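Peer 1: Below you'll find the structure I mean.
Each reported figure results from applying straightforward, stated rules to the coordinates on display, with no laboratory input. Just so it is clear, the model here is predicted, and its values are computed rather than measured. As a convention, Cβ positions derive from the backbone with ideal geometry for all residues, glycine included, and neighbour counts pool all protein chains shown.
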Amino acid sequence: MNCLSSRSYDAVVFVAPARTGKTLGLIDGWISYNIVCDPSDMLVVQMTQDKAQEHSKRRLAKMFRHSPAIARRLSPHRNDNNVHDKTFRDGSFLKIGWPSNQCFFVFGF
């Protein structure tokens with residue numbers, strides 16, 4: 001986490017065996033940290049549209065629902081939150097996308 005939030009590094013590379021908690025620690029943990037401690041726009045890119053939807057529904061939705069610190073930061077407006085887009089009360093935005101021109105160019109990430 002310290003390397004991810006440091007301006008001293010341009011990239012973080014993490015190599016580990018399969019099924020060791022990398023997604024939970026590096027992606028889901030980073031998302032929750034940014035929502036609570038350092039609100040900013042975020043783009044999470046999964047391999048395919050189906051994987052992006054699965055990550056949003058199976059992991060992030062549970063995390064948002066069971067974390068009071070995150071749940072109270074979600075926008076109360078129904079149209080602000082869907083499977084691939086999450087908007088927060090402070091105006092920050094989370095896009096859960098997949099490799100496509102639309103994902104990278106339309107939102108300006």
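Peer 1: Mind sorting out which of [x] 1.14; [y] 1.47; [z] 0.95 is the real Rg/Rh (Cα atoms, Kirkwood Rh) computed from the coordinates?
Peer 2: The listed entry that was calculated here is [z].
Peer 1: Near Lys62, which aspartates and glutamates are there with a Cα under 14 Å away, not counting those fewer than 8 places off in the same chain?
Peer 2: The reachable aspartates and glutamates, counting only those whose Cα sits under 14 Å from Lys62, are Asp28, Glu54.
Peer 1: Further, regarding this structure: If you keep only loop residues by DSSP, which chymotrypsin sites (Phe, Trp or Tyr not before Pro) in the range 1-103 have at most 14 other Cβ atoms within 10 Å of their Cβ?
Peer 2: Answer by residue number: Tyr9, Phe14.
Peer 1: What's the magnitude of the charge dipole for the chain around its Cα centre, counting Lys and Arg as +1 and Asp and Glu as -1 at the beta-carbon? Answer in Debye, nearest 20.
Peer 2: 440
Peer 1: If you plug each phi of the range 77-85 into the Karplus form 6.51 cos²θ - 1.76 cosθ + 1.60 with θ = phi - 60°, what whole-Hz ³J(HN,Hα) values come out, in order, with x for Gly and Pro?
Peer 2: Result, ordered by residue: 7, 4, 7, 7, 10, 9, 4, 9, 10 Hz.
Peer 1: With springs only between Cα atoms under 10 Å apart, run a GNM on the chain and tell me which of Ala61, Ala16, Ala69 wobbles the most.
Peer 2: Of the options given, Ala16 has the highest mean-square fluctuation.
Peer 1: State the answer as a single residue: which of Asn2, Pro17, Trp98 lies farthest towards the positive end of the charge dipole of the chain, with beta carbon charges of +1 for Lys and Arg and -1 for Asp and Glu, about the Cα centre.
Peer 2: Pro17
Peer 1: Which part of the range 15-49 falls in the paramagnetic zone of Asn2, meaning amide N under 12 Å from the point 7 Å along Cα-to-beta-carbon?
Peer 2: none
Peer 1: Any idea which of Met42, Pro68, Asn82 is furthest toward the positive side of the dipole for the range 2-105, if Lys and Arg beta-carbons carry +1 and Asp and Glu beta-carbons -1?
Peer 2: Pro68
Peer 1: A further question on this structure: Once label points are set 7 Å from the Cα along Cα→Cβ at both Ala11 and Leu24, what is their separation, rounded to one decimal in nm?
Peer 2: With each label point 7 Å from Cα toward Cβ, the separation is 2.8 nm.
Peer 1: What trypsin sites (Lys or Arg not before Pro) does the range 46-91 have in DSSP loop regions with at most 13 other beta carbons within 10 Å?
Peer 2: Arg72, Arg89
Peer 1: Let me ask something else. In deg cm²/dmol and to the nearest 500, what is the mean residue ellipticity at 222 nm of the chain if only DSSP H runs of at least 4 residues count, each as -39500 (n - 2.57), divided by the residue total?
Peer 2: -6500 deg cm²/dmol
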